[in-house]
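One structure below.
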Amino acid sequence: PRTLTFLGIESSCDDTAAAIVRAGRGAPEILSNVVDGQVDLHAAFGGVVPEIAARAHTEKLDLCVMQALDQAGLTLRDVDGVAVTAGPGLIGGVLAGVMCAKGIAAGAGLPLVGVNHLAGHALTPRLTDGLAFPYLMLLVSGGHCQFLLVRGVDEFTRLGGTIDDAPGEAFDKTAKLLALPQPGGPMVEREARTGDAGRFRLPRPLMDRPGCDMSFSGLKTAVLRTRDALIAEHGGLRVADRTDLCAGFQAAVADVLAEKSRRAIAQYLALSPAVPAFAVAGGVAANQTIRAALEQVAAEAGLRFVAPPLRLCTDNAAMIAWAGIERFRIGLTDDMTLAARPRWPL
Ligand code: KG4
Ligand code: ZN
């Protein structure tokens, strides 16, 4: 195939990102991958504030694009197309990204490709590991939790997912309940390392229901109740209370994800793919305990396990540039009518 160099732009949540990806005959190359996070801006509010996020994206997008080009040693003249997250996400941020991409595409006379953020995550294992279709993907982040059968660049089947909160959200809320800083996932994981996962038996919601739907909001409530009981009993949280609760919570999430993965794998294997593979993406896939549990489930079923490096698991624009290349190659491009969509199921 012809060598293509794409600029990717991502601004659907709280990371402003721009990246350059080049793909031709060999393995694709990430020439730059700039991510400007907004954690500090939202820290005081205990969650992402959409208005603040949108404003920060608007202020940072052009700078991130310049940086991505600089780091790749390129100018817009070397770029073959502009890919941008067109949803789903916080609409102010998505709009900022789409407008930025349209301006660049129009000004430089480049093709424009709108990318679904979830498709960006779902196609990442092809960028990092050259996975062939079809493969099974568990997308597990702060906003999403679903099993996807990835059948093609634009062909996804959702096998199941959370019916309420995403696990990353549960990690973040657990951290908040235990007065740990945000983002909560890495903090809870760190606390859990020295904790006893067996001390508090937290619920495994929907475990006995068939299929691979999941629920995490009850788990969060259980953490709240356990915390309040401990505070009532001891007048506060002791160090071991916190570490044990984090370990118990993390073990419950890992158990649910592992069991539901077994079921999703069974559904996937019924299609008898030539090279069966199970891939994960999303920030929660960075969790070592969860990753190890999923890896074991894949090994038991004889599947290749693919977990992209952390910086490509969490929100980034390299995945958007790559998805843009994949779409462009099969003739899927957009024009100035490309709309920003707050909701956009795959
Ligand atoms: O994919 P991501 O960067 O953004 C989206 O949500 O789309 O994922 C961020 C989420 C946050 O909820 C964060 O707490 C969680 O992933 N996370 C983790 C870990 N690192 C990040 N959760 C558990 N363990 C971790 N080590
Ligand atoms: Zn994401």
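Throughout, read-outs are computed from the coordinates displayed, never taken from laboratory work. Here the structure is a predicted model, which means the values were calculated and not measured. Neighbour counts are summed over all protein chains in view; Cβ atoms, including those assigned to glycine, are modelled from backbone coordinates with ideal geometry.
Add +1 for every Lys or Arg and -1 for every Asp or Glu among the other residues with Cβ under 10 Å from the Cβ of Gly87, and state the total.
Spelling it out: positives minus negatives among the neighbours equals +2.
Pull out a ≥ b ≥ c, the square roots of the eigenvalues of the alpha-carbon gyration tensor of the chain, then state rounded if a/c is under 1.5, prolate if not and a/b is larger than b/c, and oblate in the remaining case.
Numbers: a/c = 2.27, a/b = 1.46, b/c = 1.56.
Oblate is the answer for the chain, as a/c is 1.5 or above yet b/c matches or exceeds a/b.
Give me the net charge of Gly248's neighbourhood, meaning all other residues with Cβ under 14 Å from the Cβ of Gly248; Lys, Arg count +1, Asp, Glu -1.
+2
Mean-square fluctuation check for the chain, GNM, Cα pairs under 10 Å: which of Ala18, Ala281, Ala197 is largest?
Ala197
Rg/Rh for segment 135-311 to two decimals, with Rh computed the Kirkwood way over all alpha-carbon pairs. Kindly include the intermediate steps, with their values, before the conclusion.
Working: Rg = 16.5 Å, Rh = 16.5 Å.
Ratio of gyration radius to Kirkwood radius: 1.00.
Summing +1 for each Lys or Arg and -1 for each Asp or Glu, what net charge is found among the other residues whose Cβ lies under 13 Å from the Cβ of Pro308?
Net charge around Pro308: +1.
If the elastic network links every pair of Cα atoms under 10 Å, which of Phe200, Phe45, Phe216 fluctuates the most in the Gaussian network model of the chain?
Of Phe200, Phe45, Phe216, the most mobile in the Gaussian network model is Phe45.
Relative to the longest principal axis of the C-alpha atoms of the chain, give the angle of the C-alpha long axis of helix 50-72, reported between 0 and 90° and rounded to the nearest 10°.
50
What number, in percent, do you get for the relative contact order of segment 115-173 if the mean sequence gap of Cα pairs under 8 Å and at least 6 apart is divided by its residue count?
Over segment 115-173, the number comes to 27 percent.
Compute the acute angle (0 to 90°) between the alpha-carbon long axis of helix 167-177 and the principal axis of greatest extent of the alpha-carbon atoms of the chain; round to the nearest 10°.
The angle comes out near 50 degrees.
By how many degrees, 0 to 90 and rounded to 10, does the Cα axis of helix 91-108 deviate from the longest principal axis of the chain?
So the helix axis and the longest Cα principal axis differ by about 20 degrees.
Please give the Cα centre distance for segment 332-346 versus segment 91-153, rounded to the nearest Å.
That distance is 11 Å.
Could you point to the residue in Cys100, Met319, Ile52 farthest towards the positive end of the chain's charge dipole, with +1 and -1 charges on the Cβ of Lys/Arg and Asp/Glu respectively?
Final value for the positive-end residue is Met319.
Work out how much length Ala232 to Thr289 would gain on full extension: take 0.36 nm times their residue separation and subtract the Cα-Cα distance, in nm to one decimal.
This chain segment gains 17.5 nm when fully extended.
According to a simple spin-label model (label point 7 Å from Cα along Cα-to-Cβ), what is the distance in nm between Arg209 and Thr337?
4.0
Relative contact order for the chain: what percent, with Cα pairs under 8 Å and sequence separation of 6 or more?
24
Starting from the Cα of Ala299, step 7 Å toward the Cβ, then list every residue of segment 263-281 with an amide N under 14 Å from that point.
Zone members listed by number: none at all.
Can you show me the helix-derived [θ] at 222 nm for the chain, built from DSSP H runs with n ≥ 4 at -39,500 (n - 2.57) apiece and divided by the number of residues, rounded to the nearest 500.
-14500 deg cm²/dmol
Can you sort Cys145, Cys313 from fewest to most other Cβ atoms within 10 Å of each residue's own Cβ?
Ranking Cys145, Cys313 by Cβ neighbours within 10 Å, fewest first, gives Cys313, Cys145.
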